[in-house]
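Here the structure is laid out as structure tokens; the discussion comes afterwards.
The values are calculated or read from the model by the stated rules, or taken from the named source; none is laboratory data. Just so it is clear, the structure is predicted and the values come from calculations on it, not from any experiment. A quick note on method: Cβ atoms are made from the backbone with ideal geometry, for glycine too, and the neighbour counts reach across all protein chains shown. Please note that ligands, DNA and RNA were not included when accessible areas were found on the heavy atoms of the full protein model with its side chains. Shrake-Rupley method; radii C 1.70, N 1.55, O 1.52, S 1.80 Å.
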Amino acid sequence: MMYTYFEKAGRVNTEAALKIAFKAFKERGLKHIVIASTFGDTGLKAAELFAGKEANLVVVTHNVGFREPGKIEITQEMRAKIESLGAKVYTGTMVLRNIGTAIRELQQYSQQDLIANTLRLFGQGIKVCVEIALMACDAGLVPPEDVITVAGTARGADTVAIIKAMPSNKLFNLKVREILAKPRDW
């Protein structure tokens, strides 16, 4: 499989990133796909692409309260559309943005920030790919094995990676096997 480097980050790469993920699904025999989707647009496109295939598609959203306490960006209508196509939608605690974020607000530093910022050296999408693999495994929605992950920078998708998922308490056993697509700049 050829690796893709997008010239710039962002949602302009969404369709190409999803096609790369679908190609990996068909060629590699990997059945678990984990997609980051804040508002559900990318999740819906992925659900449409994988509908009727023997895929375990998990769409991971922001946690409730990410931007405002008690609020979530994805609507119930969007969640229902995605689920009607056979995908699962998961909303849970974001592994690299949990209690450590509260600690940072008081102490100006947390260990999770160090991990998140180190992953961001490879791009925001890689950080999110790792995070959603951990979250989906924590929830029991994917097993601790190789999964296809898709994430992005801001909105849309621009990063595709094959990751050996692990639960978050086994973070350092997770393996980023391959980066199939990512932006050259972010």
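See the values below:
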{"read-out": "Surface per residue (accessible, 1.4 Å probe) for region 19-101, Å²", "value": "50"}
{"read-out": "Region 159-167 - phi-based ³J(HN,Hα) in whole Hz, Karplus 6.51/-1.76/1.60, Gly and Pro as x", "value": "9, 10, 9, 9, 10, 7, 5, 8, x"}
{"read-out": "For ASN56, residues with placed amide H under 5 Å, excluding near neighbours", "value": "HIS32, ILE33"}
{"read-out": "Heavy atoms of HIS62 accessible to a 1.4 Å probe, total area in Å² rounded to 10", "value": "30"}
{"read-out": "Gyration tensor verdict on region 5-72 (Cα atoms; rounded if a/c is under 1.5, prolate if a/b is larger than b/c, oblate otherwise)", "value": "oblate"}
{"read-out": "ARG97 accessible area, assembled protein chains, probe 1.4 Å, Å²", "value": "90"}
{"read-out": "Kirkwood-type radius of the chain, with distances r between different C-alpha atoms, in Å", "value": "16.2"}
{"read-out": "Relative contact order computed over region 8-110 (Cα-Cα under 8 Å; 6+ residues apart), in percent", "value": "23"}
{"read-out": "Estimated inter-spin distance, ASP41 and ARG120, nm [label 7 Å along Cα→Cβ]", "value": "2.2"}
{"read-out": "Relative contact order of the chain, defined on C-alpha pairs under 8 angstrom at six or more residues apart (%)", "value": "30"}
{"read-out": "Region 113-160, relative contact order [Cα under 8 Å, separation at least 6], %", "value": "38"}
{"read-out": "Beta bridges per DSSP with both ends in the chain, % antiparallel, nearest 5", "value": "45"}
{"read-out": "Distance (nanometres) between label positions extended 7 Å along Cα→Cβ at ALA16 and THR101", "value": "3.0"}
{"read-out": "Rounded if a/c under 1.5, otherwise prolate or oblate - region 126-186, Cα gyration tensor axes", "value": "prolate"}
{"read-out": "Out-of-range pairs (alpha-carbon distance over 18 Å; input LYS19/LYS182; LYS127/LYS164; LYS19/LYS53; LYS45/LYS164)", "value": "LYS45/LYS164"}
{"read-out": "Accessible area of MET135 in the full protein assembly, 1.4 Å probe (Å², nearest 10)", "value": "0"}
